[in-house]
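Take a look at the structure below.
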Amino acid sequence: MTATVKSTSNTDVWLVVPLYNEAAVISEVIRDALSTFPKIVCVDDGSSDDSAALAEEAGAVIVRHPINLGQGAALQTGFDYALTDPSMRYVVTFDSDGQHRPEDALAMVERLRREPLDVVLGSRFLDGRTKPGFLKRIVLKLAVVFTNITTGVRLTDAHNGLRALNRTALDAVVIQQNRMAHASEIVALIGRAKLRFAEHPVHIVYTDYSRAKGQSLWNSVNILVDIVMK
Amino acid sequence: MNEQLGIKIVLLASLAVLGLLMVLPARGARQLALRRIGALLLVAMAAVAIIFPEIPQAVAEFIGVGRGADLLLYGLVVAFIGSVLASRAERKKLTAQITQLARAQAIATAAKPEDRG
């Protein structure tokens, strides 16, 4: 860990981790992230396995949805929870399946601290490190084109789960899309509220596990319908 | 293409109105009232059609549909689509309420952030 990590202990940052049936990896993900971010809230979205217990044991705060509501709803619950902490200045959205790296999250928070920005969004496509499959690359690119056209916010990667937001951004970004369309919705809200944003290159670790769990491409159809049919 | 142009225009126009109702966010008293008036009109028209079956037949012939029964079927399809869209909107509203309720409950029963170091 670098010196900046120790000098700023990141107690003003809440890592928001939507959690749904990730018992296989969640302990490691939380332990790994805790060494950088001492405050982690896992929003358990009605997991049927023991994900929540494992995450709690690993050191995260658990906020448990009584029923499954979807990832967008889980993120907003995490935001609402973080907002109850007066010492919170930043929130990072972080996936529970181990495809995000805490060092990327840290770099994004550091940019919020140093630069006049409200939001820093992770992007897989600012450099060549991340290697999604051919079809996935095409769908992600189409999603970017669609989001750019409909929101007026120019991004290289519209559906990256790694984001860092300050309190100003959290006031504007109130997620209504419970299921998967929240990623486009967040971008749209950023555009509408004219938040100052930047993209930051991140490395997404596509493991066999995350590939197997990952979004089916069919979901892009569902997301499109959710966005169009308000 | 130009056969039965009258009914095509009527049906497409009704679908367009339904689509518009879905996109426009107008909620509240006016929309509710319009929906109730619409439902009443529908019942009245159904009653008229039962008592005087020659009326739908005449209307059907006037707008270029062969039989009154066909006209009723077309009307039924449009009404069905409208009902599907309306219940979809209603379900969305319910989902939003359930979400708020579940979220409040989840946060209320979680450990407070101050308990963290």
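Computed quantities for the displayed model
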{"read-out": "Check on A:Ala82, over 24 Å from A:Asn219 (Cβ atoms), buried (at least 16 other Cβ atoms within 10 Å of the Cβ), out of contact with any Phe, Trp or Tyr (no Cβ under 8 Å at 6 or more places or on another chain) and within 14 Å of chain B (Cβ to nearest Cβ)", "value": "no"}
{"read-out": "Residues being in contact with a strand residue (DSSP E or B) (Cβ under 9 Å, 6 or more places away or on another chain) and surrounded by fewer than 24 Cβ atoms within 10 Å (Cβ to Cβ) - total across the stretch A:91-105", "value": "3"}
{"read-out": "Single condition A:Pro132 does not satisfy, out of (1) within 14 Å of another protein chain (Cβ to nearest Cβ); (2) at negative phi", "value": "(1)"}
{"read-out": "The listed residue being among the hydroxyl-bearing types (Ser, Thr, Tyr), touching a His at 6+ places or on another chain (Cβ under 8 Å) and at pLDDT below 90, out of A:Ser184, A:Ser220, A:Ser216", "value": "A:Ser184"}
{"read-out": "Complete set of residues in the stretch A:80-117 that are of a type in the set (Asp, Glu) and closer than 15 Å to A:Val173 by Cβ", "value": "A:Asp80"}
{"read-out": "Residue match in the stretch A:106-114 (condition: in contact with a Lys or Arg (Cβ under 9 Å, 6 or more places away or on another chain), of a type in the set (D, E, K, R) and modelled with pLDDT of 80 or more)", "value": "yes"}
{"read-out": "Residue within the stretch A:203-216 that is buried (at least 22 other Cβ atoms within 10 Å of the Cβ), assigned to a helix (DSSP H, G or I) and in contact (Cβ under 8 Å) with a residue 24 or more places away in the chain present", "value": "no"}
{"read-out": "Residues of the stretch A:40-61 classified as surrounded by fewer than 22 Cβ atoms within 10 Å (Cβ to Cβ), at negative phi and part of a loop (DSSP other than H, G, I, E, B), total", "value": "3"}
{"read-out": "Residue among A:Val92, A:Val29 that alone is out of contact with any helix residue (DSSP H, G or I) (no Cβ under 7 Å at 6 or more places or on another chain) and either within 14 Å of another protein chain (Cβ to nearest Cβ) or of a type outside the set (D, E, K, R) (or both)", "value": "A:Val29"}
{"read-out": "Helices (runs of 4 or more DSSP H) enclosed by the stretch B:4-117 - at least 2 residues per element that are within 30 Å of A:Val174 (Cβ to Cβ) and within 13 Å of chain A (Cβ to nearest Cβ)", "value": "B:5-23, B:68-109"}
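The values are calculated or read from the model by the stated rules, or taken from the named source; none is laboratory data. Because the structure is predicted, anything quoted here is derived from the model rather than measured. Because the Cβ atoms are built from the backbone with ideal geometry, glycine has one as well, and the counts that use them run over all protein chains shown.
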